[in-house]
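For reference, the structure is listed below as structure tokens.
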């Protein structure tokens, strides 16, 4: 039932883009016009989307057969500054895209990523019959001929470089980074004609364009654009030439925001070589006054309404985490305590639940602080990043193992609920509830849930204040059911009265904690050189078990108990200090007999021309494992892969891998699971975090 609800929510989000734009197809003279009429505040992306985003796609079919319809140049885009100082290039308002005429009946499929405060991927399918001149995704009128003619005439046209324009290329020392430098003499304007860079590069493998910097001094406009060289990820590899001379010249295509014509033109820069950058060149730019060009369009920011939307998403995401398998064992313990002591005065129940809430929210605040520090230091990270640390996982395993021994009756220990399971005594203290909140939060971070991804993406890419605010509301949502029972104790009446059945439930909950330890054990194995530490780890668990067994069943002598507990404690500290990650951190590990190939950017490039399905997963991600069992490891999925000849690629994020982090970041994703389909033309479509066979097949067609 829960999976059906999740799929329904995800399906709604995928097609919700049709509520934020009108898509239409119209015949115009000897051309076809595809129009995207964006709702107010929403925008889509140009061929080069900038720091983030995905370019729109236009495909035409006759009888389900893809046909080639030559495209004219796309309309002039503009720059946006989105939340988190992300610069993107795209469109808002009404934009017309022109293609050569297609006679007869045909189908148009438009793929977009449409954004406002959130980004929603999807596509619109429109069929224009032979005797029709116009069709739209929702009620709309055909556009006037005069408007379409004006739009066609204003498309960027190929042009020669303006007089006084010079350019050259340099390389950063011993790095796969280039910088394109250019100057424009006799610059008399006070601003650029359009809300765009002076130069905006068209996509060109293996050139990866970064942000442009402009400077103006004594009538000369100076510009530079940093370039990431991605040749090392190509197959075959394309390293930068040592001598600075390319094997063959590159013809790079740019939009030129030309001040002399007051229009945006298409120009080509022929690049044959590069020189090494010098410190004097860096000093030269330091002495130049920056030139803003023109204030760029600002994408809708988090105003009161949109911020409220994010906060609601954060709260709902935290609330749904209560149902995820990661946290059920610990939450069940808390619920056990509530049932056992539901006859307490409301004041005491409220006290216990407020302490639990304080544990949840304070731990989320600590996580927010760590993320803020990592962000300030320029680190790349994602949701559940702490479970990439073997030392952290070892500590968690031991804590949960000791809690399970308590439930099995080996010792009396303060448990979530604020009482001893071994007696009917009720304690005033609430430290057990606070500790329960801490454990619940830690175990929730490997899980993802509907609504949570949107809130986390905003939190990870925005201001420090908003990071703390989003995490507070996620924690509030996670703790909310227990706050509700404290305010309305009558809700506990839905559970049976305390009795002998609770003794059996106690053992069942202990078993659930052991299963959680086994899951963490599996994650731990994937992070360390298990052949070296396996016997030490097993010995460590055995010694902790023996210590509690000795104290409960063999001797009550305090000195002897101290010695028995001191030994595993010292070994635990030594183990944490001496843990070593597996070599080659970030290397993708896939079984040799697996149908799945290891993920890499070069693998995606090598498989262009084929359908590629990507599974981004981690050993510590229980949602990933559920999706594998329900979808990816079924006969139905295997049949789909064979039917469409799909290349299967798996990215393992169990260990830290900045390449995976960066790839996910490009699609505004901060955690796993994540699924993608790469089309034969290289277009990559994000399927989100919840999948089904029908959803996958839809994007394979």
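Rule-based calculations on the coordinates, nothing more; no lab input. Small disclaimer: the values here were computed from a predicted structure and weren't measured. For neighbour counting, all protein chains shown are included, and Cβ atoms are generated from backbone atoms with ideal geometry for every residue, glycine included.
Below are the figures for this structure:
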item	result
Packing-based ranking, highest mean first, of 479-489, 350-360 given that Cβ atoms within 10 Å are counted	350-360, 479-489
Ellipsoid semi-axes in whole angstrom, largest first, where each is sqrt(5λ) of the Cα gyration tensor of region 14-153	25, 16, 14
Estimated translational D of region 165-298 in µm²/s (Stokes, Kirkwood radius over Cα pairs; 37 °C; 0.692 mPa s)	208
Computed Rg/Rh of region 69-135, alpha carbon atoms with Kirkwood Rh	1.05
Peptides 689-695, 402-408 ordered by average Cβ neighbours within 10 Å, highest first	402-408, 689-695
C-alpha center-to-center spacing [region 464-489, region 65-122] in angstrom	39
In nm, spacing of pseudo-spin labels at residue 140 and residue 638 (7 Å Cα→C-beta vector)	4.5
Over 24 Å [Cα-Cα, region 597-700], rounded percent	15
Highest average packing first - 111-121, 140-150, 189-199, Cβ atoms within 10 Å	111-121, 189-199, 140-150
Euclidean distance of C-alpha centroids, region 47-63 and region 676-701, integer Å	14
Residue 629 paired with residue 543, simple spin-label distance in nm, labels 7 Å along Cα-to-beta-carbon	3.4
Footprinting exposure proxy for 574, 397, 470 (fewest neighbouring C-beta atoms within 10 Å first)	574, 397, 470
Contact order normalised by residue count of region 165-298, Cα under 8 Å, 6+ apart, percent	31
C-alpha center-to-center spacing [region 126-144, region 185-205] in angstrom	36
Linear extension gain, residue 67 paired with residue 29, 0.36 nm per residue minus alpha-carbon span	11.7 nm
